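J.: Before anything else, here's the structure in question.
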Amino acid sequence: MHISRVQLVNYRNFANATFRFNAGINTIIGENGSGKTNLFRAIRLMLDDDMLRWAHKLDDGDFHRGLGNWRGHWIIISLEFSEVSQDEAIQALFLHGTGVVENEQIGTATYNLIFRPNAAIRAKLGELEMGDQAGLEALRRTITIDDYEPVFTGKSTADFADPAVYQSLVGNFDTVEFPDELSPPEIGGRMPAVLSVSKEVCFTFVQALRDVVSEFQGQRTNPLLTLLRGKSGELDADTLDPITQRVKDLNEAIEGLPDVGEMRSHIRQTIRDAAGEAYSPARLSIRSGVPTEADKLFQSLKLFVGETDDEYEGAIHELSLGGANLIFLTLKLLEFKYQQAKRACANFLLIEEPEAHIHTHIQKTLFDKLTYPDTQVIYSTHSTQISEVSNVENVNILGRDGGRCESYQPTAGLATPAIRSIQRYLDAVRSNLLFAKSVILVEGDAEEILIPALIKEVYGVSLDELGISLVNIRSTGFENVAVLFHDQRIRKRCAIITDLDAAFFDLAPDMLDTDDETRAKERATASQNAGAARRARLTAFIDGNDWQSLHLAPHTFEVDFVAAGNVEIAVAALPTVYVDPATIATATNELRSNNAALYGTRILTMAKSAGKGWFAIQLAKLITPTARIPAYISEAVFTTHGRLSRAVATNIIEYRMLKSGLPELLGDDYFDEVRALVRQFSNKEIDTQAIIAGVGAVLPGDAVLDVLGYA
C-alpha cells in the first residue's frame, strides 16, 4: 500500500494543491518557502502517531493567508492510498473506515482530515438568503476558532482540489450560497474513534539535519537512545544478571574507598558548622552514579566513531558535520527498519533534505541504495545530485505564485518515450531547471558562458538573483526539454534562444566567385534555410502555450554580439586568437568596418579558430558595464523573469548611474533630480513611464532603458 495522492486545501501556504506519488522512492523539490515542510507536516498529522494530537489543535494560523478572512472556510488534508493489501485485517480496517470497495475488495482508500465550523455554524450559514452579504459578514464576525472541529473521514468521493466541488461542499462566499446538507456524503463517513490508521502503519520521519550534536544530546531526539530503549526490553534477564551484579560490586567498591568516606564526613561536619544541627540534612552519602538497573545500564551506552585511518574514535561532537549527519541519518533508518519488522499494513519513510553537509557522491549513493521492500520513501531536497538520480515520474515540484504555493508533476500527460528522453537528459547540471523560478534554454557554449556575464556586468544582477536557470541543451533539441513547461506540467516560464542563421552577406552566385566563396555561399544558404525551418517548427511548438516564448538571434550569437555595439570587446580579444601583428591589424579593420559581411565573417573565423567555448571565455573576461546586450537576449531574460519588482528595477537604475561615470565629468549633483524620482518610484508614488522619462533624460540610450518597461 502506498500514498498515491495528497490534496491540501486552505492549509498554510497551499490554497489548493494536489501531489501525486508512486510506490517506491519519490522526490519533492522546490525553492525555500515553497511549502515542502508544510506538506510533510500535513502527511504527519495523518500518519505520524506522535503528531496525531496536533491534528486536533489546528488554529487560525493554519489557514491559508490568501483567504483573507478564514472564518467559515475549511482546511482539508486528504490522502489517497493505492494497492491496498488484500490481507484480511487490513481490508477490515479500510472497509470500516476509509476504503472504496472494488469487486468486494478494497483497492484504493481515502483518509481525510477536515477542519470545519461545527454543525451549529454550518446550519446558520445554510440559513442565509442568497446574496445577503451583510448577514454573512455579521455571522462571520461571531465565529472563533473554538467554533471549529477536526473530523477524520474515509470513503470520500469528492475531488477536494476542484474549486467547484469545494464550493458545493463549503459554500460560495461571494454570492452567499451555502449548502443545506451539513455532512454531505461526498466527504466520506467519520472514522470510528476506535480506529486509527496511524497506529496500523510503520511511519518514520527524518527531519532536516540542522544541529545533529544537540539532537544526540536530547532524551527524546537521540536516535541511538530510541534504539537502545527498544532493544532493552528484549534483553534476556539471565544474560544481564551477572553484569548488573558486577556493577553493584563496582559501585560498592567505589563508595567504600577511604577518601570517599573521609569526604562524606567532611561535608557533614561543614554543614553542621555552617547551619547548625537542627538545619543539617538527616542523612548524606556519596554513591556511584553508574546505573544498576539492566535497561538503564544498556541505555547508558554511547556511540564513538572514527572518520580517519589513525584508529581514533571520537564522540559525536568531534565528528565533521557531514559525518555526524550521516551517522544520525543511519540511526534513523535503522529505527525505521526495526519498526518495519513489527508492522505489516504499510511502511512510510519521510526524509527532509538529507543532503545537508553530505558529500555529493554520498548523496547520490544514499538515494540509489535507500530502497526497502514494501516501503514508500518520500524525500524533499535542494540537491541537484539527488534530483539527477531521481525518477522524473516520481518527482513533485513546488513553486510559489505570489503568496500561494503550487505543485507540479513534470511528466503529467507525456508518453513513455518522451518521459524516457527527459529522464536521460536530466543530469546533475541540467536538473537545476527543475529548481528554477524560470528557465532559458540555449544550444551553444558561447551563449551559456556570455549571457550570464553580460547580464551581471550590464545590469548588476545575476541570473541566479533573478531566479533564472540558463541551461545549454546542446544537441538534445529544444522541444524535448521545453515540453516540460506546460499547464499540465511545470507552470513556469521558459524562453528558447536560438539562431535564425540569416546570411549577413550576399548569397547570389557570381561567376567570379572562387571555389571557397561558392562553398561558403552554399553553406550559408543551407544554414539560412535550416534557421527558417527551425523558426517555423518552434513557433508551431510553442503556439498556445503561455509558459513558453521564442527569441531569435537574427544571424548567429557572435555576429549579433558585435552588431549590438561590442566591436571594441571583439578587438580587445584579438591577441587571444592571433599573434601575427599584420593579421591583428587586418582583423581590427574588419571588425570596425561596420560592414556585416566583413565583421561577421571575421568574428566567426575567430570563434571557429579558437573554439567557440574557449573564445567565449576570453570575451567574458573583457565584458564591462559599457557592453551592449543584443535585444533578443534582454527580451528573453526579462520576458522569462516576468514583471520586475520595483526593488530590482531601482537597484538596476542605481547600478547604471554608479557605472556611468557621469558625476565625475558633470558634477556630483548630476543625478540628484533623478535619484529623487527613483525614491518616488520605489515608494510607488510615480508610474513606470515617469521613471523611464526621468532616467532617459540623464542616461539617454542607456541599457537600463531596455528593461524598465518590464517594471
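J.: Would you mind pulling out the separation of the Cα centroids of the range 577-643 and the range 1-59, in Å?
T.: 50 Å
J.: Just need the relative contact order of the range 458-531 here, percent rounded to a whole number, with Cα pairs under 8 Å and 6+ apart.
T.: Once normalised by length, the contact order is 24 percent.
J.: What fraction of the Cα pairs in the range 2-196, stated in percent, has a spacing above 26 angstrom?
T.: Result: 34 percent of Cα pairs exceed 26 Å.
J.: So if I take the alpha carbon set of the range 436-642, get Rg, then get Rh from the Kirkwood formula, what is the Rg over Rh ratio?
T.: 0.99
J.: Sort Lys608, Lys337 so that the residue with the fewest other Cβ atoms within 10 Å of its own Cβ comes first and the one with the most comes last.
T.: Ordered from fewest to most neighbouring Cβ atoms within 10 Å, Lys608, Lys337 come out as Lys608, Lys337.
J.: Further question on the same structure: What is the sum of charges around Pro258, taking Lys and Arg as +1, Asp and Glu as -1, for the other residues whose C-beta is under 15 Å from the C-beta of Pro258?
T.: In short, -3.
J.: Relative to the present Cα-Cα distance, how much length would full extension add between Asp580 and Ser265 at 0.36 nm per residue of separation?
T.: 103.6 nm
J.: Find the percent of Cα-Cα distances in the range 643-710 that exceed 14 Å, and round it to a whole number.
T.: Above the 14 Å cut-off, the range 643-710 has 53 percent of its Cα pairs.
J.: Here is a follow-up. Going by how many other beta carbons lie within 10 Å of each one, how would you line up Trp547, Trp54, fewest first?
T.: Going from sparsest to densest Cβ surroundings: Trp54, Trp547.
J.: Also, quick follow-up: Efficiency by 1/(1 + (r/R0)^6): what FRET value for Gln488 and Ser609, r their Cβ-Cβ distance, R0 = 45 Å, to the nearest 0.05?
T.: With R0 = 45 Å, the Cβ-Cβ based efficiency is 0.45.
No lab work stands behind these numbers, since they all come straight from the coordinates. If you're wondering where the values come from, they're calculated on a predicted model, not measured in any experiment. All Cβ positions, glycine included, derive from the backbone under ideal geometry; neighbour counts span all protein chains shown.
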